Amino acid sequence: MKDTILNILETVKDPEIPVLSVLDMGIVRDVRQEDLVVEIVITPTYTGCPAMDVIEADIKKALHDEGIENVKINTVLSPPWTTDWISEDGLERLEKYGIAPPVRGTADKRTLFAEAPKPRCPYCKSPNPIMVSAFGSTACKSQYKCDDCKEPFDYFKCLR
């Protein structure tokens, strides 16, 4: 039954990054079943993430559509979500979608004068980006511009 539920959850997309499922994002931490109740344990990408209400509703709808009626969503904040939980497939899909995936080990907790992470351009693969803004289209992204092809792109911040 758990495999069936995981297959269903693979169809539930992140509302802010629709090329990634909630499994790709690592938001789903566990799937449990006791008696007739299915419990899905989720962790938000950051406390107060506005997409979590939509994600919870989408999970319930996807499971209900497949005949699983008794669904409980349990949101846990500890341990906190990290970009390390994004699947390898998810990292590849981010880049193909035009968002530079997080550079592993560059958690963006740098001081004011430290160097910004250097993601490669998702379009031309250049290693020469310029950070335009530490804040992108969502709180978990920064805005960059490629110094070679000049295309702007989002960078998914490395969070730990």
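Projected onto planes of every orientation and averaged, the convex hull of the alpha-carbon atoms in the chain covers 9.6 nm². For the chain, the solvent-accessible area of protein heavy atoms averages 53 Å² per residue (probe radius 1.4 Å; ligands and nucleic acids excluded). For the pair segment 124-160 and segment 8-65, the centres of their Cα atoms are 27 angstrom apart. The fraction of accessible area contributed by carbon and sulfur in the chain is 52 percent, rounded to a whole number (1.4 Å probe; ligands and nucleic acids excluded). A Förster radius of 22 Å, combined with the Cβ-Cβ distance separating residue 35 from residue 76, puts the computed FRET efficiency at roughly 0.55. Diagonalising the gyration tensor over the Cα atoms of segment 1-63 and scaling each eigenvalue by 5 before taking the square root yields semi-axes of 19, 13, 10 Å, largest first. Relative to the current alpha-carbon distance between residue 131 and residue 147, full extension at 0.36 nm per residue lengthens the span by 4.8 nm. In this structure, the residue pairs whose Cα-Cα separation is over 31 Å, taken from 13/118; 60/145; 72/125; 61/141; 2/118; 61/125, are 60/145; 72/125; 2/118; 61/125.
The simple spin-label model puts a point 7 Å past each Cα toward its Cβ; for residue 65 and residue 88 those points are separated by 3.0 nm. When only the Cβ of Lys, Arg, Asp and Glu is charged (+1, +1, -1, -1), the dipole of the chain relative to its Cα centre reaches about 780 debye.
The candidates 16, 39, 34, 151, arranged from most to least accessible area with a 1.4 Å probe in the full protein assembly, appear as 34, 151, 16, 39.
Applying a 4.7 Å Cβ-Cβ cutoff to the chain, the cysteines left without a disulfide-compatible partner are 49, 140, 158.
The values are calculated or read from the model by the stated rules, or taken from the named source; none is laboratory data. If you're wondering where the values come from, they're calculated on a predicted model, not measured in any experiment. When we count neighbours, we look across all protein chains shown, and the Cβ atoms used for this are built from the backbone with ideal geometry, even at glycine. We work out accessible area using only protein heavy atoms, side chains counted, and drop any ligands, DNA or RNA first. Shrake-Rupley method; radii C 1.70, N 1.55, O 1.52, S 1.80 Å.
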